[in-house]
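These notes are about the structure you will find just below.
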Amino acid sequence: MIAAGILRAAPTAPCAPWSRHVLTPDAWAALVDALRNDRDVALLSMWADSQLVYCLFHDIGTGDFIPASVQVDAGAYRALSPVRPAAAWFERMIHDLFGHIAEGGTDNRPWLDHGHWDQHAPMSPRATPNLMAAEPPQFLPTEGDDLHQIAVGPVHAGIIEPGHFRFTAQGETIVRLEIRLGYVHKGTLGLMRGKSPRAAARFAARLSGDSTVAHSIAFARAAEAAAAVEAPARALVLRAVMAELERVANHLGDCGAIANDAAFAFLPARFGWHREAVLAAAFGAFGHRLMMDCVVPGGVAGDVAEAGILPVLAAIATELPGLLRVYDDYSSLVDRMVTTGTVRTELVNRFAAGGFVGRASGRDFDLRRAPGYAPYSDMAFEIPLLQAGDVDARFRIRAAEITVSIDLLRRLLAGLPDGPLTVPLPLATGEGIGWAEGFRGDIWTWLRLDGGQIASVFCRDPSWLQWPLLQAAVEGNIVADFPLCNKSFNCSYSGVDL
Amino acid sequence: MVWRSIARTLRQCPLTVAPETVSDAATQDLADRLAAASQRRLGRSLAIRQVDAGSCNGCELEINMLNSIVYDLERFGLRFVASPRHADVLLVTGPITRNMQDALRRTYDATPDPKFVVAVGDCAVDGGVFKGSYAIHGGVDSTIPVDLVVRGCPPSPAQLLEGLRLLLEANA
């Protein structure tokens, strides 16, 4: 409770819906010290602009979400990574984009900056010419007998995003995996600055293509919070329809892909068939298979033609139990899944990992329930939870969530309110936080508007807190099981690379 | 049980979409052209290596659907391979990020001649919405020569199939 007390004692700055606590460098240092022995406060997000470093904390005991910030003093701030290991990637990102140094940080190697940009700290007003040597990157050391390294990527064997995996193995057993990302850094946050929310929404929609709806909702809600407007009721329900369709489509794809990595071809064939049906239904209903740009700040871009959705859902609901029986019946398949890539509950809690990664390891967290948002706040629905934390548990959470989402979709479509689709966004000045539960987990978007234009923005993809756990999950597994572990996490590269 | 299963199978159509519905009768056309064109140039099949050089992953999602039983790319002799050394076609997505430019060029160099490059998605044309960013080098043709562009954000699997057909036509 000590850390939360320090946060609450700090003066606040306006931010909707939760005021931001403005800490002095001394109070920030005291907070870092207090967090060392205080497990009640989780770090959900960390970002910066040219003046301040921001954090979003979750007070687990009271359930409060607390934004906080500290002034960067002489280009530096006290690092959070010694007491919250998940902060390390954020601190490296903040350093590479803004040049702020995390003093006492556990890892000060470059992250997004691979030495190929013209400038160092390109988001900073004082960007300097980039003098950093591009390659090779430095990897963490490993000690022991008979170790060998396997370098994979950035160009992977499958049809997936680029990243580099550096395995250290002893025989077939993985001793350490280190993930190096940043290859698809597009400078998205920089492109969003200076634009209206409506124009910047196109970038939020392209932060991670498979979560385009969820990121668009989180972004739109942040913009609406900052401008103090609320999207109309019909738009809120249509957003939820899109979000649940996106969740079903992605979970179907993942369930098939996980089985595919165990060389079991029947399940990807059937799950892929249903995934295609959902994407085609989304096209029929909203005009785009992935529903990209269909959610806009202030509402939704167009109305729904919902006729094609329900038959597709019925077909999935009919076949899903049979597919899960097939999954259960083939011991050669289950044998690959159970006890593979286990993540302990203690670890998902320490990293505040959301989505199926957290819920398969006993972390009961879903933004649709807490803090909640319309229209989910008025709906009762189950949030599947398992404890085992292995590939099998992450598969089963997805399968269970498909059923829940189908039920939600039926209720949402049955209760579609009439009314307008958008409200205009005033040219406001303000700060807001928006959130949405994507298929991967909790998405948090913070932004500040200045005269109707985006002055600063950060979109936190769930993968920020899941990738590091993949590194932990594969430890002690055999190299051949890495694809299974990786697919069961299915983290976003583009969402983290920004 | 077995008889019921056989009876059901006989009643049902194949799950893979009929070629006509993919792109207005272009599918059968594609099969014919493949038989004629690619056989002359590269034998009976084209091996495709996909490279994400900076995309948001949207294009990859749709490219992946080509492998599903609905589109079943392999019936046309088109298949995805794991190494550029096995490939005839590079299917490149994304605005070319500065951090991926080197990897893309090296993948291209590792692909044996004759080879074709298909730029997939609006970003691959000229950087798309990401054009002008400090982290973006440009479209695919800023780094390697492009034979064909398949537009879309992202292009649908049907559009991707059609693009591969055009590639064959252009090189026949």
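Being without any contact (Cβ under 8 Å) to a residue 60 or more places away in the chain and buried (at least 22 other Cβ atoms within 10 Å of the Cβ) is true for just one of B:ILE96, B:ILE63, B:ILE69. Which residue is that? Step through it out loud before you land on a result.
Working: B:ILE63 fails: without any contact (Cβ under 8 Å) to a residue 60 or more places away in the chain; B:ILE69 fails: buried (at least 22 other Cβ atoms within 10 Å of the Cβ).
Exactly one of B:ILE96, B:ILE63, B:ILE69 is without any contact (Cβ under 8 Å) to a residue 60 or more places away in the chain and buried (at least 22 other Cβ atoms within 10 Å of the Cβ), namely B:ILE96.
Restricting to region B:149-161, what's the tally of residues that are buried (at least 19 other Cβ atoms within 10 Å of the Cβ) and more than 12 Å from chain A (Cβ to nearest Cβ)?
Counting residues in region B:149-161 that are buried (at least 19 other Cβ atoms within 10 Å of the Cβ) and more than 12 Å from chain A (Cβ to nearest Cβ) gives 3.
One line per residue, one yes/no per condition, for (1) on the phi > 0 side of the Ramachandran plot; (2) of a type in the set (Val, Ile, Thr); (3) out of contact with any Ser or Thr (no Cβ under 6 Å at 6 or more places or on another chain):
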position: A:TRP111; (1), (2), (3): no, no, yes
position: A:HIS120; (1), (2), (3): no, no, no
position: A:GLN138; (1), (2), (3): no, no, yes
position: A:ALA157; (1), (2), (3): no, no, yes
position: A:ILE160; (1), (2), (3): no, yes, yes
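Residues checked against (1) within 22 Å of the chain's Cα centre (by Cα); (2) of a type in the set (Val, Ile, Thr); (3) away from chain B (no Cβ under 11 Å); (4) at negative phi:
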| position | (1), (2), (3), (4) |
| --- | --- |
| A:ARG221 | yes, no, yes, yes |
| A:ALA225 | yes, no, yes, yes |
| A:PHE271 | no, no, no, yes |
| A:ALA281 | no, no, yes, yes |
| A:GLY284 | no, no, yes, yes |
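Go through region B:99-137 and give me each residue that's surrounded by fewer than 21 Cβ atoms within 10 Å (Cβ to Cβ), within 12 Å of chain A (Cβ to nearest Cβ) and among the β-branched types (Val, Ile, Thr).
Correct list: B:VAL129 only.
Failed condition for A:ILE316, given (1) within 23 Å of the chain's Cα centre (by Cα); (2) surrounded by fewer than 24 Cβ atoms within 10 Å (Cβ to Cβ); (3) closer than 21 Å to B:PRO157 by Cβ, with all others met?
(1)
Within region A:291-313, can you find the residues that are part of a helix (DSSP H, G or I) and either surrounded by fewer than 20 Cβ atoms within 10 Å (Cβ to Cβ) or charged (D, E, K, R) (or both)?
Of region A:291-313, the ones part of a helix (DSSP H, G or I) are A:306-313.
Passing the criteria: A:GLU306, A:ALA307, A:GLY308, A:LEU310, A:PRO311.
Kindly indicate the residue of region A:44-55 that is closer than 17 Å to A:VAL72 by Cα and touching a residue at least 24 places away in the same chain (Cβ under 8 Å) and also surrounded by the fewest Cβ atoms within 10 Å (Cβ to Cβ) among those meeting that condition.
This residue is A:SER50.
If we scan region A:113-123, do we find a residue that is open to solvent by less than 20 Å² (accessible area, probe 1.4 Å), without any contact (Cβ under 8 Å) to a residue 60 or more places away in the chain and of a type in the set (Phe, Trp, Tyr)?
yes
Test A:ARG198 against the criterion of being open to solvent by 20 Å² or more (accessible area, probe 1.4 Å), at pLDDT 95 or above and touching a Gly at 6+ places or on another chain (Cβ under 9 Å), and give yes or no.
When the stated conditions are applied, A:ARG198 passes them.
Could you give me the residue pairs with C-beta distances under 9 Å whose first residue belongs to region A:321-339 and is outside any helix (DSSP H, G or I), whose second residue is charged (D, E, K, R) wherever it lies, and which are 6+ apart or on separate chains?
A:VAL338/A:ASP390; A:VAL338/A:ASP392; A:THR339/A:ASP390; A:THR339/A:ASP392
Any idea how many residues of region A:73-83 are surrounded by fewer than 23 Cβ atoms within 10 Å (Cβ to Cβ) and modelled with pLDDT of 95 or more? Even if it seems obvious, please write down each step before you answer.
Restricting attention to region A:73-83, the residues satisfying the condition of being surrounded by fewer than 23 Cβ atoms within 10 Å (Cβ to Cβ) are A:73-76, A:78-79, A:81-83.
Next, only the ones that are modelled with pLDDT of 95 or more stay: A:76, A:78-79, A:81-83.
Counting residues in region A:73-83 that are surrounded by fewer than 23 Cβ atoms within 10 Å (Cβ to Cβ) and modelled with pLDDT of 95 or more gives 6.
Hey, can you tell me all the residues within region A:371-392 that are among the small types (Gly, Ala, Ser), more than 14 Å from A:THR345 (Cα to Cα) and open to solvent by 50 Å² or more (accessible area, probe 1.4 Å)? Can you show your working first?
The first filter runs over region A:371-392 and keeps only residues among the small types (Gly, Ala, Ser), leaving A:372, A:374, A:377, A:380, A:388-389.
If we keep only those that are more than 14 Å from A:THR345 (Cα to Cα) as well, we get A:372, A:374, A:377, A:380.
Scanning region A:371-392 gives A:SER377, A:ALA380.
Looking at the structure I just gave you, is A:VAL348 among the β-branched types (Val, Ile, Thr), over 30 Å from A:LEU238 (Cβ atoms) and out of contact with any Asp or Glu (no Cβ under 9 Å at 6 or more places or on another chain)? Spell out the reasoning first.
Details: among the β-branched types (Val, Ile, Thr): yes; over 30 Å from A:LEU238 (Cβ atoms): yes; out of contact with any Asp or Glu (no Cβ under 9 Å at 6 or more places or on another chain): yes.
Considered against the rule, which asks whether it is among the β-branched types (Val, Ile, Thr), over 30 Å from A:LEU238 (Cβ atoms) and out of contact with any Asp or Glu (no Cβ under 9 Å at 6 or more places or on another chain), A:VAL348 comes out as yes.
Give the residue that is least open to solvent (accessible area, probe 1.4 Å), with candidates limited to residues of region A:18-43 that are in contact with a Gly (Cβ under 9 Å, 6 or more places away or on another chain) and over 18 Å from A:GLU346 (Cβ atoms).
Quick first cut of region A:18-43, residues in contact with a Gly (Cβ under 9 Å, 6 or more places away or on another chain) only: A:32, A:34, A:40-41.
Pick out the ones that are also over 18 Å from A:GLU346 (Cβ atoms) and you get A:32, A:34.
Values: A:VAL32: 3, A:ALA34: 18 Å².
Out of the qualifying residues, it is A:VAL32.
The values are calculated or read from the model by the stated rules, or taken from the named source; none is laboratory data. In this text the structure is predicted, and so the values were computed from the model without any measurement. Here Cβ is always computed from backbone atoms with ideal geometry, including for glycine, and neighbour counts include all displayed protein chains. Surface accessibility is based on the protein's heavy atoms, side chains included, excluding ligands, DNA and RNA. Shrake-Rupley method; radii C 1.70, N 1.55, O 1.52, S 1.80 Å.
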